[in-house]
1. With a 10 Å radius around each residue's Cβ, average the other Cβ atoms per peptide and rank 229-235, 9-15, highest first.
2. On a full-extension model of 0.36 nm per residue, what is the gain between Val93 and Glu25, subtracting their alpha-carbon distance, rounded to one decimal in nm?
3. Rank these by accessible area, largest first, 1.4 Å probe: Tyr158, Tyr126.
4. Select from Gly241, Gln177, Val196 the residue farthest towards the positive end of the dipole of the range 132-251; place +1 on Cβ of Lys and Arg, -1 on Cβ of Asp and Glu, and compute about the Cα centre.
5. Calculate how large, on average over all directions, the projected area of the Cα convex hull of the range 123-251 is; give the answer in nm² to one decimal.
6. Can you compute 3J(HN,Hα) from phi for each residue in the range 32-40, using the Karplus curve 6.51 cos²θ - 1.76 cosθ + 1.60 with θ = phi - 60°, rounded to whole Hz and x for Gly and Pro?
7. Could you tell me what percent of the accessible area of the range 1-96 is made up of carbon and sulfur, with a 1.4 Å probe and every protein chain present?
8. How about the chain: what cysteines have no other cysteine beta carbon under 4.7 Å from their own?
Amino acid sequence: MRYAVLSDVHANLEALTSVLDAAAEARTEKILCLGDLVGYGADPGGCLERLRAAGAVMVAGNHEHGCLGTLDLDWFNGAARAALEWTREQLSVGDLDALRRLPLHTTEGPCTLVHGTLRHPGRFEYLVDIAQAVDIARMCKTLFCLVGHTHVPCAIEYDRRGQRVGRVVTSGDAVTQMPFTDDPAGFCYVVNPGSVGQPRDGDPRASFLILDTTEHRLSIERVPYDVPAAQRKIREAGLPGFLADRLAAGR
Ligand code: ZN
């Protein structure tokens, strides 16, 4: 099976379209989406429609819960809050219902999907250090623990028997491919695909992950997209200009 793993689309339809095209070209068979489909960008309904039509398996992120009112808007910074209030007004009752039905974590084949960490899925913690990766690798029952939320891609191998961290791949590395051992009793791979719609690692291209369980290889892919079009829509919607500016910088 070849999976395309997407996270933090953030209502950026231009980025999502380019990523779905790249995923189709790579002959991926199933789409997994790690939350924060909405917020920041100008096309929340369009992005939800595309992913539902593609049969994506999805979990909820903090922006879904902010939009639904199940996470207090004080949790968010000013620009995020303004975008969430705008997003609420854009979505149909059916869209909001679809967001409400998304679980905080789920399992699909060899993958566990969660937006923040598996330790406290509803608290939306950022997975930023190796100790957290080890903690959730130990909790995780499947070969892969797929996380989003930081908008920065990375892959961490945990050796369950040796109780130690193996290879670590981050976006700064020249090599973004990593072979994996298909042994869920022996290994857990904690992988963040980066962000489709608002990358924050200095590379403005959309980021996603291809997980090939036949070739036993995972790779973080970067895809150029029409950044000016996404920026124009954000400005035309009256959303904070900073949300448009940062797309060009990938920060
Ligand atoms: Zn996000």
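1. Details: 229-235: 18.6, 9-15: 29.9.
So the peptides 229-235, 9-15, ranked by packing, come out 9-15, 229-235.
2. Numbers: separation 68, 0.36 × 68 = 24.48 nm, distance 3.36 nm.
Length gained between Val93 and Glu25: 21.1 nm.
3. Values: Tyr158 10, Tyr126 105 Å².
So, going from the largest accessible area down, we get Tyr126, Tyr158.
4. So the residue furthest toward the plus end is Gly241.
5. Numbers: hull surface 35.4 nm².
The orientation-averaged projected area of the Cα hull of the range 123-251 comes to 8.8 nm².
6. In residue order, the calculated couplings are 10, 10, 9, x, 6, 6, 10, x, 6 Hz.
7. Numbers: 1580 of 3500 Å².
C and S atoms contribute 45 percent here.
8. Cys with no partner Cβ under 4.7 Å: Cys33, Cys47, Cys67, Cys111, Cys154, Cys188.
The values are calculated or read from the model by the stated rules, or taken from the named source; none is laboratory data. What you are looking at is a predicted structure, and each value in this text was computed from that prediction instead of being measured. Using ideal geometry, Cβ is built from the backbone for each residue, glycine included, and neighbour counts are taken over all protein chains shown. Note: areas computed on protein heavy atoms with side chains; ligands, DNA, RNA excluded. Shrake-Rupley method; radii C 1.70, N 1.55, O 1.52, S 1.80 Å.
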